[in-house]
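To start, the structure under review is shown below, and the notes come after it.
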Amino acid sequence: MNKLLRFFLIICITIFSTKTYAQAYFEDQATLLGVGDMCGTIYLGGGISFCDFNDDGWDDITIATQSGDPLKIYKNNGDGTFSLETTLDPSNNTQQKQVVWVDVDNDGDKDLYIASDASGSRLYRNDITSLVDITTSSGLPTNVLDTYGASWGDFNNDSYLDVFLCNRGEFQSRQNYLYKNNGDGTFTDVSTTAGISTGSHLSFCSAFFDYNNDGWQDIYMANDKVNTTNILYRNNGDETFTDVSAASGTNIAIDAMSVTIADYNNDTWFDIYVTNGTDGNYFLRNNGNGTFSNIAPNTGTMFNSIAWGSVFLDAENDGDLDLYVSGMFDGSNPSFASAAFYTNGGSDLFTIESSAGFVNDARESYSNAIGDTDNDGFPEIVVNNSGDENIFLWKNETTTTNNWLKVNLEGVVSNKQGIGAVIELKSGGYSQYRYTVCGEGYLAQNSGSEFFGIAGNTLIDYVKVTWLGGAQDIFYNVTANQTMNILEGSSPLSIEEFEENNSFTIYPNPASDDIWINTEIQEDFQYKIYDMKGLLVSKGKIDHTKYINVSNLSTGYYHLKLISSRGIFNKSIMLK
């Protein structure tokens, strides 16, 4: 064998060992797995949640229903099958739109918010054995507002999740509302002071995400009809927002239904997919300079039917994000697709994959979400259908040796669910990014786990979490095919990793009362503590006792400066 041929073979083996080809394949197993149920008939569809509501490590399914029918909560039995939950019964028989499991009080269990366009929306506190209606005492609106979407984020970085309510107002004018979580079980309407428009925008849904990577969550709204353009609100970091829709190029005038967030090209800037009517969907690529460009025509993802829910997922765990879109046509008219699964072929090109299963995917479909029924690391898709049709549970039956990682977050200083965090994974020299959201797509909620496919790689170089507060945790040499549960502050990436700073070590970190200093320097020295805004909050002298009492400081992240005759040394600390 000549040297040139040997070199060619080595290159081929290297390529195929890190990115193996696999054909994605899905099969509807809703009835087989115990969720062969329906939402009834709901005008413009009902919501769906694929979220682990009881935190037992298995994704559950919650189905919004028509007026007169109770909310349907299907609990995962721990083997990929489901049973109707009867213990947690919110006794809510109104027509439901978005259903979101969200920890509003940071107590470690998920509460339930049910948006409705037919009755007042409701917030239920999860008391483990019951769901208690606390809407009135919380200060959230109880009157009918024609609410479709309820997205959750921490817009002021105070560790409590706030909510943005999208009110469509098809038959009478309805404004949208931003409610701030006060951290004491109550919410305050801050829409006007925050700069949210008081006009009616026919809004279906929104998403909290950080479009400019400045550490503050912005808001993007999908607004129906061509006379109500979509709106992007930039977070100013002082509890106010600025409308940057026109400047960013996101003020599209379409029948916008959905807002789906992902970094499809792994350039660290998060992109937006917006569904539309027959004129075609919009795929807004984040250019990284405050502007977006519509790449739907060039990527082949326009759909050109009447689309509603959309979701990004790595179906075959080959390391790139594919796209699934639900439509309201039932397939009887071949000119208008009922749904589409787009395979990511790289180089900004997606292809409709007709051989990926999805047999009889021909119902009036609206909301969709991803989760993992059997914890095998391959994401499934659940779809809520209207017209008295059963839901779809598209079980991922892809045959491949590709590897994966799932990541769950638990905030300590940040909100408990880690919403607003960025997860970076690097494996085989290739980086991927995920952004954690709560209440996304069209009336949907995806799994609390973030999914990564890593193709043929068996070892992950590192997993790094940048929490909403700005702190980072990093884990090196992570093995594939597992679920990582990451606690904020458990493996901090601190300033000393970038400096020669071995003269001091501190513990514990995170801390709550005392921080102890371990050093070989035999002298007294000074310390100064600064908050994340750079304000000096504490200073003093450290003597032979070698500790600092921090019990008087609030939870959060701080910079500690240790000043000695040898110089100034910096440490990052977290107080809980």
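Name the residues in the range 386-404 that are open to solvent by less than 20 Å² (accessible area, probe 1.4 Å) and among the hydrophobic types (A, V, I, L, M, F, W, C), would you?
Correct list: I391, F392, L393, W394.
Within the range 98-116, take every residue that is in contact with a Ser or Thr (Cβ under 6 Å, 6 or more places away or on another chain) and part of a loop (DSSP other than H, G, I, E, B) and give me the one that is surrounded by the most Cβ atoms within 10 Å (Cβ to Cβ).
Per the criteria, the residue is A115.
Any idea which residue in the range 228-242 is nearest to the chain's Cα centre (by Cα), counting only those that are of a type in the set (S, T, N, Q) and part of a strand (DSSP E or B)?
Selected residue: N235.
Looking at N212, N266, N235, which is the one that is buried (at least 16 other Cβ atoms within 10 Å of the Cβ), in contact with a Lys or Arg (Cβ under 8 Å, 6 or more places away or on another chain) and farther than 17 Å from Y442 by Cα?
Going through N212, N266, N235 in turn, just one is buried (at least 16 other Cβ atoms within 10 Å of the Cβ), in contact with a Lys or Arg (Cβ under 8 Å, 6 or more places away or on another chain) and farther than 17 Å from Y442 by Cα: N212.
For the range 8-47, which positions are farther than 30 Å from D60 by Cα and either among the polar types (S, T, N, Q) or modelled with pLDDT of 85 or more (or both)?
T14, S17, T18, T20
Quick check on my filter: what residues within the range 549-576 are touching a residue at least 24 places away in the same chain (Cβ under 8 Å), more than 27 Å from the chain's Cα centre (by Cα) and within 22 Å of Y160 (Cα to Cα)?
Result: S551, L553.
Could you check, for the range 346-364, whether at least one of its residues is of a type in the set (S, T, Y), part of a strand (DSSP E or B), without any contact (Cβ under 8 Å) to a residue 60 or more places away in the chain and open to solvent by 10 Å² or more (accessible area, probe 1.4 Å)?
Yes: the range 346-364 contains one or more residues that are of a type in the set (S, T, Y), part of a strand (DSSP E or B), without any contact (Cβ under 8 Å) to a residue 60 or more places away in the chain and open to solvent by 10 Å² or more (accessible area, probe 1.4 Å).
N227 - would you say it is in contact (Cβ under 8 Å) with a residue 24 or more places away in the chain, exposed (fewer than 15 other Cβ atoms within 10 Å of the Cβ) and not aliphatic (A, V, I, L, M)? I'd like the intermediate steps shown before the answer.
Values: in contact (Cβ under 8 Å) with a residue 24 or more places away in the chain: yes; exposed (fewer than 15 other Cβ atoms within 10 Å of the Cβ): yes; not aliphatic (A, V, I, L, M): yes.
Against the criterion (in contact (Cβ under 8 Å) with a residue 24 or more places away in the chain, exposed (fewer than 15 other Cβ atoms within 10 Å of the Cβ) and not aliphatic (A, V, I, L, M)), N227 qualifies.
Scan the strands (runs of 3 or more DSSP E) fully inside the range 125-176 and keep the ones with 2 or more residues being open to solvent by 10 Å² or more (accessible area, probe 1.4 Å) and among the polar types (S, T, N, Q).
Numbers: elements: 131-133, 147-153, 162-167.
Per the criteria, no element qualifies.
Which residue, of F312, F350, is at pLDDT 95 or above and out of contact with any helix residue (DSSP H, G or I) (no Cβ under 6 Å at 6 or more places or on another chain)?
F312
Where residues in the range 188-198 are in a loop (DSSP other than H, G, I, E, B) and open to solvent by 30 Å² or more (accessible area, probe 1.4 Å), which of them is farthest from M257 (Cα to Cα)?
Looking at the filtered set, the residue picked out is G195.
In the range 434-466, how many are part of a strand (DSSP E or B), closer than 19 Å to G371 by Cα and either open to solvent by 30 Å² or more (accessible area, probe 1.4 Å) or of a type in the set (D, E, K, R) (or both)?
Summing the residues that are part of a strand (DSSP E or B), closer than 19 Å to G371 by Cα and either open to solvent by 30 Å² or more (accessible area, probe 1.4 Å) or of a type in the set (D, E, K, R) (or both) in the range 434-466 gives 3.
What are the pairs, 6+ residues apart or on separate chains, where a residue within the range 247-276 that is closer than 18 Å to E450 by Cα and of a type in the set (G, A, S) has its Cβ under 7 Å from a residue that is open to solvent by 10 Å² or more (accessible area, probe 1.4 Å) and modelled with pLDDT of 95 or more?
That search, which allows pairs on different chains as well, returns A262/F312; A262/L321.
Taking F283 as meeting all but one of (1) in contact with a helix residue (DSSP H, G or I) (Cβ under 6 Å, 6 or more places away or on another chain); (2) farther than 23 Å from F451 by Cβ, write down the number of the exception.
Among (1) in contact with a helix residue (DSSP H, G or I) (Cβ under 6 Å, 6 or more places away or on another chain); (2) farther than 23 Å from F451 by Cβ, F283 violates only (2).
From F329, F336, F341, grab the single residue that is surrounded by fewer than 23 Cβ atoms within 10 Å (Cβ to Cβ), on the phi < 0 side of the Ramachandran plot and in contact (Cβ under 8 Å) with a residue 40 or more places away in the chain.
Of F329, F336, F341, the one residue that is surrounded by fewer than 23 Cβ atoms within 10 Å (Cβ to Cβ), on the phi < 0 side of the Ramachandran plot and in contact (Cβ under 8 Å) with a residue 40 or more places away in the chain is F336.
Could you please find all residues in the range 22-68 being charged (D, E, K, R), assigned to a loop (DSSP other than H, G, I, E, B) and closer than 18 Å to D376 by Cβ?
Within the range 22-68, D52, D56, D59, D60 meet the criteria.
Of all residues in the range 213-243, how many are touching a Gly at 6+ places or on another chain (Cβ under 6 Å), of a type in the set (S, T, N, Q) and closer than 25 Å to I423 by Cα? Lay out the reasoning, then the answer.
Residues of the range 213-243 touching a Gly at 6+ places or on another chain (Cβ under 6 Å): 215-217, 240-241.
Adding the requirement that they be of a type in the set (S, T, N, Q) leaves 217, 240.
If we keep only those that are closer than 25 Å to I423 by Cα too, we end up with 217.
Qualifying residue count, the range 213-243: 1.
Being hydroxyl-bearing (S, T, Y), outside any loop (DSSP other than H, G, I, E, B) and open to solvent by less than 40 Å² (accessible area, probe 1.4 Å) is the filter here, so list the residues in the range 271-292 that pass it.
Here is the first cut: in the range 271-292, the residues hydroxyl-bearing (S, T, Y) are 273, 275, 278, 282, 291.
Subsequent filtering for residues that are outside any loop (DSSP other than H, G, I, E, B) retains 273, 282.
Residue satisfying the conditions is Y273 alone.
The values are calculated or read from the model by the stated rules, or taken from the named source; none is laboratory data. These figures come from a predicted structure and were not determined experimentally. No Cβ is skipped: glycine too gets one built from the backbone with ideal geometry, and neighbour counts run over all protein chains shown. Ligands, DNA and RNA are excluded from the accessible area calculation, which covers all protein heavy atoms including side chains. Shrake-Rupley method; radii C 1.70, N 1.55, O 1.52, S 1.80 Å.
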